[in-house]
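Q: Below is one structure. I have some questions about it.
Every number in this text was worked out from the coordinates using simple rules, so none of it is lab data. This is a predicted model, so every value here is computed, not measured. A quick note on method: Cβ atoms are made from the backbone with ideal geometry, for glycine too, and the neighbour counts reach across all protein chains shown.
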Amino acid sequence: MAQDMDLSVAAQEILRPHNGENATPSQVSGSRGLLAKLNHLQEASLCRAAARLSAFLEDLTPFLFVLSYFVVSVSLYIVLPDSIITIFWFVFLATNFYIAASVVTEAFLSVAPCRDARKAVCRIQERGWVFPTADDQLYTLDIVIVAYLPNEKDIIIDRTLYALNEIIYPRDKLRINIVYNTPKPIEPLETELFNLTGKYSNLRVIKVQNSTSKADNLNHFFTINTGSDVMAIFDTDHYPHPYGPRWAMERFHSNKKIDIVQGRCIVLNAGDSPLAGMIAVEFDKIYAVSHPGRAAMWGFGLFCGSNGYWRTDLLREHKMDGEMLTEDIDSALRAFKKGCVAVHELNAVSYELAPITLASFWKQRLRWAQGWAQASTKHVVLTWNKAHEGRRRSFVMRFGVLSLLLIRELSYYLVTQYTCLVFSLVVLHFPKTPAGLGRLVFFQYPLSEWLFIISITSLFATLWITYRVKSEFITLKMFVVFTIFYPIYLVFMATMGLYGHARQVDYLLGLRGLLVLESFLWIFLQTFVPAVVKGADSTTGRTYQVILRKTLSVLFWNENLLYSFFIILSARTICISFIARSTKTEVAGAVFRRALRLWFPVALSLAITYAVFSATGIAYIDEYKRISGNSSFETPYQIPNALAYFNSVFD
């Protein structure tokens, strides 16, 4: 806004007459300077507008991909024959049954760790909170609180004072480290933070210059030799339980082979909104049930980003990968690759804040979904590659990684495809009664009845176990609401996973993605609604179809536009190489590589087309043209032999 005002002022100065007098050289020079400023501001405004448009297109493309995914899936199930629908029905129910069985098995295996944790608390209470390890024998602990100051400026002082005054641990063995970054100075807050170091000798405040992420902050801190034995990582919104760090340290002392201890995270603001209540129940299910259950089932634990404790030597060598969206999951999987031992300590509790609005929840979980997709793609090789030297990776652990990385990512498609299948059945055979809806959705086949009943039983068993170990902020009402809306929540989370996958394919974000969608629209509409396509042979149709053809077809499903952009993008690819290195060899190489890259997708498309036509024939195309009266496309000609195919190249 301020720059736009500057632009207006500059224009007024240039256009203002000089009181009827001839302009002096200084006035002319000043006008030229103002004109140059005006041109500069105009260029800056255009650049900002282009950047905003580019960002909008990049955000729009994943949404359109996911939307088209649902539309195409439902449309496909509507036209498929019943025999194929039956196969899909059993595939989706069987895979969902596997997922439900895995979840309930993890839940039952979590009962023992939860019981052991509760017994440990009772024993310590009976001893007057005297822990097995003497204070003078405890490891030196660095608690690292990572902050992005603009977002956490309102809570950073409070969390710092809490960590300094409330955590119960020997003062000479505890250091609190505030590691933060900020794009601009925030005063007097930063001065207040640094002034606290004069009052508390075990406080260290570090401002990381040129940092843009949590990973940058941590990697900078890892370069400092603090002399600690263990480092704990916390996000700024966390309140560690006063005894939380002590419980984690006891795990390290109990077993020298343990490299990482992950604590339990509990949502503090569960009552702030219905969404926060749902997230609070979900966190109890994840941290108190799924994580310890999975560790018992598959033989490995995971660092989860916050409330995690690492041996210092390991973490300083390990570092965080700043290229990853979820550097915590990446670091956990890299530690697993090295053969590090990670355990879950349920008594090492930390309280955190959950999003209370749908917008903040969407932003958080979308980053998680995209980060998990990125980490899964990178680390799925752990399923089959060789273990780290001197370490053993059993078949059970490998299958656990496969389930965590690959099957979990595929579950997004299984859940959404089952949803699309059910929706298509409801559209085709809309029930007249609630009982009819239940039979249609759940009880179409005898075997599916059993799979559905077992899956529902597994769900209720998992939720019952979660309720038995719920945190103090969870009410019965929250659990009831979570149970009722859990199926919808699963579909929502699966959709978010698809959205994360779409954003991960950065090659198709923006213009390329829009052109892909426009190509699909052009083919789809020319086949089924030719009257809305400019240049189609069948242009007679209803009034709205003619209006769509005359208004939207030029921009959104135009064959000539698509061909033109194909040439433009190919030229752009070649020119980028030439600009980077202006030589004849570079241009020739770019043209040659472009041609080679196009061969593979074209060959794959032709192979799929050949396989489909060989299996189904092409007679139905003529039948469809006769029934629909659509003459906008021709029936493919099947080449009878290899010689005719060779001759067709020169035709």
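Q: Can you tell me what share of the DSSP beta bridges in region 138-379 is antiparallel? A percent to the nearest 5 is fine.
A: Bridges in region 138-379 are about 25 percent antiparallel.
Q: Follow-up. Give the shape of region 244-299 as rounded, prolate or oblate, defined through the alpha-carbon gyration tensor: a ≥ b ≥ c are the square roots of its eigenvalues, a/c under 1.5 means rounded, and otherwise the shape is prolate if a/b is larger than b/c and oblate if not.
A: In terms of gyration-tensor shape, oblate.
Q: Take the Cα gyration tensor of region 138-379, multiply each eigenvalue by 5, square-root it, and list the three semi-axes largest first, rounded to whole angstrom.
A: 25, 22, 19
Q: Counting helices only, and only those DSSP H runs with n ≥ 4, report the 222 nm mean residue ellipticity of the chain as the sum of -39,500 (n - 2.57) divided by its residues, in deg cm²/dmol to the nearest 500.
A: Rounded to the nearest 500, the figure is -21000 deg cm²/dmol.
Q: Given N residues in region 448-534, what is its alpha carbon radius of gyration divided by 2.2 N^0.38 Å?
A: 1.81
Q: Would you please name the trypsin sites (Lys or Arg not before Pro) within region 345-399 that are DSSP coil residues with at most 14 other C-beta atoms within 10 Å of their C-beta?
A: Answer by residue number: K386, R391, R392.
Q: Moving on. I want to verify the translational diffusion coefficient of region 287-354 in µm²/s; compute it with Stokes-Einstein, Rh as the Kirkwood radius over Cα pairs, at 10 °C and 1.306 mPa s.
A: Approximately 123 µm²/s, per Stokes-Einstein.
Q: Roughly what % of DSSP beta bridges within the chain run antiparallel, to the nearest 5?
A: So the antiparallel bridges amount to about 25 percent of the total.
Q: Measure out, as a whole number of angstrom, how far apart the alpha-carbon centroids of region 247-299 and region 159-187 sit.
A: 23 Å
Q: Continuing with this model, one more query. If R₀ is 25 angstrom, what is the calculated FRET efficiency for the pair H253 and C122, using the beta carbon separation as r and rounding to 0.05?
A: 0.80
Q: Looking at region 488-574, which trypsin sites (Lys or Arg not before Pro) are in a loop (DSSP not H, G, I, E or B) and have at most 11 other Cβ atoms within 10 Å?
A: In loop regions of region 488-574 (DSSP not H, G, I, E or B), the sparsely surrounded trypsin sites (Lys or Arg not before Pro) are R542.
Q: Be a star and scan region 244-270 for residues whose amide nitrogen sits under 19 Å from the point 7 Å along the Cα-to-Cβ vector of Y139.
A: 244-265
Q: How about region 274-332: which GluC sites (Glu not before Pro) there lie in a loop by DSSP and see at most 15 other Cβ atoms within 10 Å?
A: E323
Q: Using a/c under 1.5 as the rounded threshold, could you call the chain rounded, prolate or oblate? The axes a ≥ b ≥ c are square roots of the C-alpha gyration tensor eigenvalues, and prolate needs a/b larger than b/c, oblate otherwise.
A: Oblate, because a/c is 1.5 or more while a/b does not exceed b/c.
Q: Here's another thing I want to ask about it. If you put +1 on each Lys and Arg Cβ and -1 on each Asp and Glu Cβ, how big is the dipole of region 510-648 around its Cα centre, in Debye rounded to 20?
A: So the magnitude is around 520 debye.
Q: Hey, another quick one. How many percent of all Cα-Cα pairs in region 310-384 sit more than 15 Å apart?
A: Of all Cα-Cα distances in region 310-384, 66 percent exceed 15 Å.
Q: Using the membrane-span-like helix rule (whole DSSP H runs, Cα extent along the own axis of at least 18 Å, mean Kyte-Doolittle hydropathy at least -1.0), which helices of the chain qualify?
A: Within the chain the helices that satisfy the rule are 2-15, 25-79, 82-109, 111-126, 358-379, 408-428, 446-468, 476-504, 511-528, 559-580, 584-616.
Q: If contacts are Cα pairs under 8 angstrom and at least 6 residues apart, what is the relative contact order of the chain in percent?
A: Relative contact order for the chain comes out at 16 percent.
Q: Between beta-carbons, use under 10 Å as the cut-off and find the net charge around G263, counting Lys and Arg +1, Asp and Glu -1.
A: +1
Q: What shape does region 186-309 take by its C-alpha gyration tensor, where a ≥ b ≥ c are the square roots of the eigenvalues and a/c under 1.5 counts as rounded, a/b above b/c as prolate, and the rest as oblate?
A: Here region 186-309 falls in the oblate category.
Q: Starting from the alpha-carbon convex hull of region 73-132, give the projected area averaged over all orientations, in nm².
A: In nm², the orientation-averaged hull projection of region 73-132 is 6.5.
Q: Determine the distance separating the Cα centre of region 305-359 from the Cα centre of region 595-637; give it in Å without decimals.
A: Cα centroid of region 305-359 versus Cα centroid of region 595-637: 50 Å apart.
Q: log₁₀ I(q)/I(0) of region 510-648 at q = 0.12, 0.14, 0.22 Å⁻¹, via Debye over equal Cα point scatterers, no solvent, to two decimals?
A: Summing over Cα pairs of region 510-648 leads to -0.71, -0.90, -1.28.
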